[in-house]
C-alpha cells in the first residue's frame with residue numbers, strides 16, 4: 001500500500017513540475033511577443049507622432065537614423081579584406097588595362113599598370129538601408145567610407161604616375177532583381193547615389209580620388225581628379 005502511495009505521489013509531483021515549466025515557458029513567450037509588438041509599434045512612429053504623444057516632454061536630441069549600423073559586417077570585412085583586395089586587384093588590372101589601351105593617345109607607346117594593390121585598410125560600412133521600392137526587386141543602400149592605402153602606379157610610357165591619398169565617401173546602391181530560382185536573384189545593378197566632390201568638401205557624401213603625384217625623381221606636378 002505504501003509503495004502505491006509513493007508512486008502516485010511521485011507521479012503527481014512530476015506532473016506538477018511539468019505543468020509549472022510549461023506555464024513558465026508560455027509566460028516568457030507571451031512576454032517576448034508583447035515586447036516585439038511594442039518595438040514594432042515604436043519603430044513605425046514618425047517624428048511628428050512622437051511630438052503628439054510626448055508634447056512638451058519631446059527631446060530634440062531624439063534622432064531617426066536612416067541607415068542601420070552593421071558593426072558585425074565591418075569585423076568580417078576586416079578579416080576578409082586581404083583576400084578580397086588581392087582578388088579584386090587582379091580582376092581590376094585584367095579588365096581596366098584593355099580599356100586603357102583602347103584610349104591610349106597616339107604619342108604614348110604604352111599605358112598600363114606598373115603596380116595595382118588595394119592596400120591593407122578595409123572599407124568601413126557606416127550603415128545599411130534595405131528598401132522595397134519596386135515589386136520583384138530589393139534595394140540595399142550602403143553608406144561607405146574608405147580611407148585606404150592602395151599602391152596604384154600607372155606607367156605612361158616611361159613615366160610612372162602614382163595614385164595617393166585615396167579616399168572614398170559615398171552611398172552605394174545595390175538593386176537585386178528577384179527570382180524564384182537559386183540564388184533567388186538574377187541580376188544586380190550597382191550605382192553611386194552621391195555626386196563627385198572635391199577634397200575640400202569631404203564633409204559631404206561623394207567620391208574623392210585624392211592626389212596623383214609623380215614618383216620621386218620626376219616632376220612634382222600634382223593634379224586632382
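The values are calculated or read from the model by the stated rules, or taken from the named source; none is laboratory data. Not measured: the values here are computed from a predicted model. Virtual Cβ from ideal backbone geometry, glycine too; neighbours counted across all protein chains shown.
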Item to check | Among the candidates 135, 71, residue that is exposed (fewer than 10 other Cβ atoms within 10 Å of the Cβ), under 21 Å from the mean Cα position of the chain (by Cα) and at pLDDT below 90 | outcome: 71
Checklist entry - What do you reckon, is residue 27 modelled with pLDDT of 75 or more and either under 30 Å from the mean Cα position of the chain (by Cα) or under 27 Å from residue 126 (Cβ atoms) (or both)? => result no
Checklist entry - Scanning for something in a helix (DSSP H, G or I) and touching a residue at least 24 places away in the same chain (Cβ under 8 Å), does region 64-75 turn up at least one residue? => result yes
Checklist entry - With respect to residue 89, is the statement that it is surrounded by fewer than 12 Cβ atoms within 10 Å (Cβ to Cβ), assigned by TED's automatic domain parsing to the domain that holds residue 184 and outside any loop (DSSP other than H, G, I, E, B) true? => result no
Checklist outcome for this item: residue 158 fails exactly one of (1) closer than 30 Å to residue 98 by Cβ; (2) in contact with a strand residue (DSSP E or B) (Cβ under 7 Å, 6 or more places away or on another chain), namely (2)
